Amino acid sequence: MPKNPPQPGSLLSIPSLPFVQALELQHTLAAQRSENQQPDTLILTEHEPVLTLGRTTKPEHWEAHWAELQEKGIALQQTNRGGSVTYHGPGQIIGYPILRLRNFCPGPRIYVQKLEEVLIRTLAEWGIVGCRHESFRGVWVDSEEGHAEKIASIGVRISKGITMHGFALNVNVNLQPFSLLTPCGIDHCVMTSMKKLLNQQVNVAQVREQVAAYFADVFQLEWTEVEP
């Protein structure tokens with residue numbers, strides 16, 4: 001069967017944006033999308049160092065090393081997304097899709113699978129085999145030691161049929177703060193990055209363009225890039 005023609009979408013590619021400002025932007029765009037005043041939109045950006053706490057976060061996931069994390073200049077933000085605690089920092093591509101969900105899939109499970117597919121295809125461009133985990137959301141890779149390591153996290157919220165929050169792909173991000181957490185609330189979770197796997201610095205701008213292209217392909221959108 002022929003594919004349906006792509007729907008129009010807005011792409012906001014912002015090299016860096018403080019988390020609080022990104023959250024305000026999401027709320028504004030989500031309200032506009034709900035009233036059909038804004039097309040489906042993808043925000044791609046990076047954040048300064050910050051821990052974000054999701055709805056399933058427990059104190060033991062992050063509090064033990066909070067003083068040490070603060071000393072590193074890492075901020076803390078509570079959110080209403082799914083999932084537990086994660087770390088965001090420079091060198092990590094953050095994606096915030098603001099979509100009317102029913103236009104793309106029947107429910108949250110398939111939506112998350114589509115986000116995973118975008119990231120798996122992006123990693124494949126760099127010769128990295130990303131995969132899904134049978135128990136946990138996000139994108140994982142097999143380490144040389146034979147265990148799965150997480151390279152991308154996903155945590156979403158859907159309100160009034162509109163999506164918020166999204167995914168974080170570790171490109172060149174500093175992985176050390178993750179070792180002071182229980183990332184995503186998963187015991188013994190080891191985080192990795194494209195830089196670590198490839199043993200070289202990776203062009204974040206190039207990866208951001210690839211993420212945007214694969215997102216458009218998976219969700220059948222045609223981007224108009226707009227200024228924030």
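The values are calculated or read from the model by the stated rules, or taken from the named source; none is laboratory data. No experiment lies behind these values; they were computed from the predicted model shown. Counting neighbours? That spans all protein chains shown, and the Cβs are built from the backbone with ideal geometry, glycine included.
Select from the stretch 104-129 the residues that are free of Cβ contacts under 8 Å to residues at least 24 places away in the same chain and in a helix (DSSP H, G or I) and list them in ascending order.
Arg109, Ile110, Gln113, Ile120, Ala124
More than 16 Å from the chain's Cα centre (by Cα) and among the hydrophobic types (A, V, I, L, M, F, W, C) - does that describe any residue in the stretch 32-51? Don't jump to the end; show me each part of the working.
Residues of the stretch 32-51 that are more than 16 Å from the chain's Cα centre (by Cα), as a first pass: 32-40.
Retained after the next criterion (residues that are among the hydrophobic types (A, V, I, L, M, F, W, C)): none.
No - not one qualifying residue is present in the stretch 32-51.
Which condition breaks for Leu42 when tested against (1) within 29 Å of Gln206 (Cβ to Cβ); (2) without any contact (Cβ under 8 Å) to a residue 24 or more places away in the chain; (3) of a type in the set (A, V, I, L, M)?
(2)
Determine whether Gly82 is part of a loop (DSSP other than H, G, I, E, B), small (Gly, Ala, Ser) and at negative phi.
Criteria met by Gly82.
Tally the residues that are assigned to a loop (DSSP other than H, G, I, E, B), polar (S, T, N, Q) and under 16 Å from the mean Cα position of the chain (by Cα), restricting the search to the stretch 1-31. First the steps, then the outcome.
As a first pass, look at the stretch 1-31 and keep what is assigned to a loop (DSSP other than H, G, I, E, B): 1-6, 14-18.
This time we only want the ones that are polar (S, T, N, Q), so: 4, 16.
Keeping just the survivors that are under 16 Å from the mean Cα position of the chain (by Cα) gives 16.
Result for the stretch 1-31: 1.
Would you mind stating whether Ser16 is touching an Asp or Glu at 6+ places or on another chain (Cβ under 8 Å), farther than 22 Å from Ser84 by Cβ and surrounded by fewer than 19 Cβ atoms within 10 Å (Cβ to Cβ)?
Numbers: touching an Asp or Glu at 6+ places or on another chain (Cβ under 8 Å): yes; farther than 22 Å from Ser84 by Cβ: yes; surrounded by fewer than 19 Cβ atoms within 10 Å (Cβ to Cβ): yes.
Criteria met by Ser16.
Only one of (1) more than 30 Å from Gly73 (Cα to Cα); (2) touching a residue at least 12 places away in the same chain (Cβ under 8 Å) fails for Asn174. Which number is that?
(1)
Among the residues of the stretch 126-160, which ones are within 20 Å of Ala212 (Cα to Cα) and exposed (fewer than 13 other Cβ atoms within 10 Å of the Cβ)?
Gly127, Val129, listed by residue number.
Do we find that Arg81 is under 30 Å from Trp223 (Cα atoms), surrounded by 15 or more Cβ atoms within 10 Å (Cβ to Cβ), among the charged types (D, E, K, R) and modelled with pLDDT under 95 in this structure?
yes
Quickly run through the stretch 44-75 and pick out the residues that are more than 30 Å from Ser10 (Cβ to Cβ) and small (Gly, Ala, Ser).
Ala64, Ala67, Gly73
If I go through the stretch 52-62 residue by residue, how many of them are assigned to a strand (DSSP E or B) and over 17 Å from the mean Cα position of the chain (by Cα)?
0
Of the residues Leu181, Leu115, Leu123, only one is aliphatic (A, V, I, L, M) and touching a His at 6+ places or on another chain (Cβ under 8 Å); which?
Leu181
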